[in-house]
């Protein structure tokens, strides 16, 4: 998939590969990047996208089950991209759909298409095998971190985690990764590890996870990446973030050679073009 | 051959049944959970006898469940293996043991256990049954990958 995305990125693809095909984008949670990049990918391949607009505008708001919605939409499109607030929603959708289903995020579960573009972005800078990567932020509810950590277990990567108390990587996921042979090292402070990592993956700490604004700001400020944190970092370090960011990365970091999050976001298009071709051709 | 004290106690505690199912060698203290997992409620018509923490030759202590006039299917009894893998099932017809079998841990269990994850799609009004893969580490939710490693009985539906 990553090789395919690279070829697409280099312009080696049929611009009418998905002509006549229709993609349904069912987003029951807000999305900017994921949804737009799927729609952009579809358009670049000559296909069409359908969507329901907001959740309030669709039949789910009338009490229809997801299973029924999926059965209906299967008749309108050649593939479905779904984002839903419940974990396992995409798996349920796949059971009821008669067309391929792509998970674009299920609650605090997984976000596999983001992981593919994360891996593709890392690969643009270095081989993925045996990298040292630090995951910073909300690792408990952050689905991008879950999917990326699972994928990196295939690459013999060493995982460093830095997260606020209560927002650590879920114990069952950590145990599963350890069973696969992944070394996971927990740190209290980013400064302990910044000199030892090849990739710094920053995720958003969500305000709603805290009882009040004061405790959120207190914690969030301790996890904010500034140019001062990066003194002594490896020359080839790259900083990734699934975006949107709020306060996690100081805008001054954008000007440093380490920052790759906007390229990462752009990479969503070639990766999703490769995915759509895989499921619809 | 003279019966052992344990066998004599067992005989006194639970009478023979004419027809039905005897579930023997249940792990001590788990009989009520076995009844629960089999879906046998207080509204059942069958006579039900339960003996708990009976001394046993092979186990420190065991529970026994006797259910009259009902023969449990293999699928039903295999559910028991989740909480009592050493249990044995005896199908009784006219006071004689016609079938005797152990329980096998199923690879997939559906509709018996609810997912503890409140965010799981299986805990909504969707037209699905809960589904768990039985793995060495515990029961893994088919939908959200949550793993139940302990207190399984508290999640029985």
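Computed from the coordinates by the stated procedures, all read-outs in this text should not be read as laboratory data. What you are looking at is a predicted structure, and each value in this text was computed from that prediction instead of being measured. Quick reminder, even Gly has a Cβ in these numbers, built from the backbone with ideal geometry, and neighbours come from all protein chains shown.
Between the helical axis of A:213-222 and the longest alpha-carbon principal axis of chain A there is an angle of about 70 degrees. Judged by the mean number of other Cβ atoms found within 10 Å, the most tightly packed of the peptides A:239-246, A:264-271 leads the ranking A:264-271, A:239-246. For chain A, relative contact order (Cα pairs under 8 Å, six or more residues apart, normalised by length) works out to 20 percent. Taken over chain B, the percentage of Cα pairs per 5 Å bin, counting from 0 up to the bin with the maximum distance, is 2, 9, 17, 19, 19, 13, 9, 7, 3, 2, 0, 0. Ranked by the mean number of other Cβ atoms within 10 Å of their residues, highest first, the peptides A:193-204, A:10-21 fall in the order A:193-204, A:10-21. Taking every alpha-carbon pair within the protein assembly as shown, the share separated by more than 35 Å comes to 45 percent. For region B:108-155, what class follows from the C-alpha gyration tensor (a ≥ b ≥ c being the square roots of its eigenvalues): rounded when a/c is under 1.5, otherwise prolate if a/b is larger than b/c, else oblate? Since a/c reaches 1.5 and a/b is larger than b/c, the shape of region B:108-155 is classed as prolate. Computed over chain B, the per-residue total of -39500 (n - 2.57) for DSSP H runs of n ≥ 4 gives a 222 nm mean residue ellipticity of -3500 deg cm²/dmol, rounded to 500. Once the C-beta distance of residue A:36 and residue B:157 is scaled by a Förster radius of 60 Å, the resulting FRET efficiency is 0.90 to the nearest 0.05. Other protein chain C-beta atoms within 10 Å of residue C-beta, averaged over B:111-120: 3. For peptide A:91-100, the mean count of partner chain Cβ atoms within 10 Å of a residue's Cβ comes to 3.
Under the classification rounded if a/c is under 1.5, otherwise prolate if a/b is larger than b/c and oblate if not, where does region A:1-156 fall, given a ≥ b ≥ c as square roots of the Cα gyration tensor eigenvalues? Cα axes put region A:1-156 in the oblate bin. The modelled label-to-label distance between residue A:279 and residue A:191, using points 7 Å beyond Cα along the C-beta direction, is 4.5 nm. In region A:112-265, Cα pairs under 8 Å separated by at least six residues give a relative contact order of 25 percent. The convex hull built on the alpha-carbon positions of region A:112-265 has an orientation-averaged projected area of 8.3 nm². Taking 0.36 nm per residue of separation and subtracting the current Cα-Cα distance, fully stretching the chain between residue A:94 and residue A:215 would add 39.6 nm. Length gained on full extension, residue B:57 to residue B:95: 11.4 nm, using 0.36 nm per residue less the C-alpha separation.
For a test of the definition: using alpha carbon positions, the gyration tensor, and the 1.5 limit on a/c, classify region A:174-274 as rounded, prolate or oblate.
It comes out rounded by the Cα gyration axes.
With only Cα atoms counted, region A:2-69 has Rg and Dmax values of 14.9, 45 Å. Across region B:137-157, the residues whose backbone nitrogen lies under 17 Å from the label position 7 Å along the beta-carbon direction of residue B:124 are B:142-146. Peptide A:80-88 has a mean of 5 when you count, residue by residue, the C-beta atoms of other protein chains within 10 Å of its C-beta. Each Cα pair under 8 Å and six or more residues apart adds its sequence gap; the mean of these over the residue count of region B:108-155 is a relative contact order of 36 percent. Rounded to the nearest 10 degrees, the angle from helix A:112-125 to the longest Cα principal axis of chain A is 50 degrees.
For chain A, the 222 nm mean residue ellipticity estimated from helices alone, with every DSSP H stretch of n ≥ 4 adding -39500 (n - 2.57) and the total spread over all residues, rounds to -10500 deg cm²/dmol.
What is the helix-to-structure angle for A:268-280, meaning the angle in degrees between its Cα long axis and the longest Cα principal axis of chain A, kept from 0 to 90 and rounded to the nearest 10? That helix lies at roughly 40 degrees to the long axis.
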